[in-house]
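J.: One structure follows; several queries about it will come next.
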Amino acid sequence: MADGARNRGVTLVEMLVVMGIIAVLASLVVTLTLRVDNQSKERALDSAFTLLSTSLREYYEYRNEFPPQPERNAASALAHIEVMMRELRSVPDSRRVLDQLNPALVKSQAGLADVPELRDPWGTVLDYLYDRTAGDNFPELISAGPDRQFGTGDDISSKGKR
């Protein structure tokens, strides 16, 4: 009789095995969700880079030069992107292209609606690099990537991964 009562319950080992399986499945779901989220953010960034490149081309056709960039320093990324955006918005065709950007990526400063900050999908300001004297034939836009730090391996450039 004692043998029949033992078979009706769930042992601690069985519960631990089930909990282990649930933990493994949950970690797989979280990993896949994060990967899909980063892929969608990279696609949104690629779309923004395409629109910004088109806007830069429109600006170049109008002014026969690209917006200036006084220094190559990632610490000044906000100043770089503000100069670029101000210049691009000064050209009508370029402004029309900028109006197609995802509004979630464009942050306006208080009282400065014409000088918006342009941020990547992770919330970090983009950097604008252009040095005509170094032989750059087209400006480069850089996102700090998922880690939100410039100069690391996950930076994303409009000219391809860095």
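J.: Between Y60 and M15, what is 0.36 nm times their sequence separation minus the Cα-Cα distance? Round to one decimal in nm.
T.: 9.5 nm
J.: Something else about it: Cα-based Rg (one decimal) and Dmax (whole number) for the range 19-71, in Å?
T.: 20.8, 65
J.: May I ask you to give the percent of accessible area on the range 38-109 that is carbon plus sulfur, with a probe radius of 1.4 Å? Working shown, then result.
T.: Working: 1790 of 3990 Å².
Answer for the range 38-109 is 45 percent, counting heavy atoms of protein chains only.
J.: Taking every pair of alpha-carbon atoms in the chain, give the share separated by more than 27 Å as a whole percent.
T.: It works out to 39 percent of all Cα pairs.
J.: Same structure, new question: Compare A77, A44, A104 in a GNM of the chain, Cα atoms joined below 10 Å, and give the one with the largest fluctuation.
T.: Maximum among the listed residues: A104.
J.: Distance in nm between label sites at L32 and R86, each 7 Å beyond Cα in the beta-carbon direction?
T.: A separation of 4.9 nm, rounded to one decimal place.
J.: Next question. With +1 assigned to the C-beta of every Lys and Arg and -1 to the C-beta of every Asp and Glu, and no other charges, what is the dipole magnitude of the range 52-103 about the Cα centre in debye, to the nearest 20?
T.: So the magnitude is around 60 debye.
J.: Per residue, how much accessible area does the range 8-101 have with a 1.4 Å probe, in Å²?
T.: On a per-residue basis, 66 Å².
J.: Residues in the range 128-162 near a label at D46, defined as backbone nitrogen under 18 Å from the 7 Å Cα→Cβ point?
T.: Within reach of a label on D46: 141-146, 154-162.
J.: Rank by packing, highest mean first: peptides 57-70, 78-91, with packing defined as the count of other Cβ atoms within 10 Å averaged across residues.
T.: Averaged packing, sorted descending, gives the order 78-91, 57-70.
J.: In a GNM of the chain with a 10 Å cut-off on Cα contacts, which of P116, P92, P146 has the highest mean-square fluctuation?
T.: Comparing P116, P92, P146 in the GNM, the peak value goes to P92.
J.: How big, in percent, is the set of alpha carbon pairs in the range 9-100 lying more than 24 Å apart? Don't skip to the answer; put the middle values down first.
T.: Working: 2121 of 4186 pairs.
Value for the range 9-100 (Cα pairs over 24 Å): 51 percent.
The values are calculated or read from the model by the stated rules, or taken from the named source; none is laboratory data. Note that the coordinates shown come from a computational prediction; the quantities given were computed from them, not determined experimentally. No Cβ is skipped: glycine too gets one built from the backbone with ideal geometry, and neighbour counts run over all protein chains shown. For the accessible areas, the whole protein counts, side chains as well, though only heavy atoms, and no ligand, DNA or RNA atoms are used. Shrake-Rupley method; radii C 1.70, N 1.55, O 1.52, S 1.80 Å.
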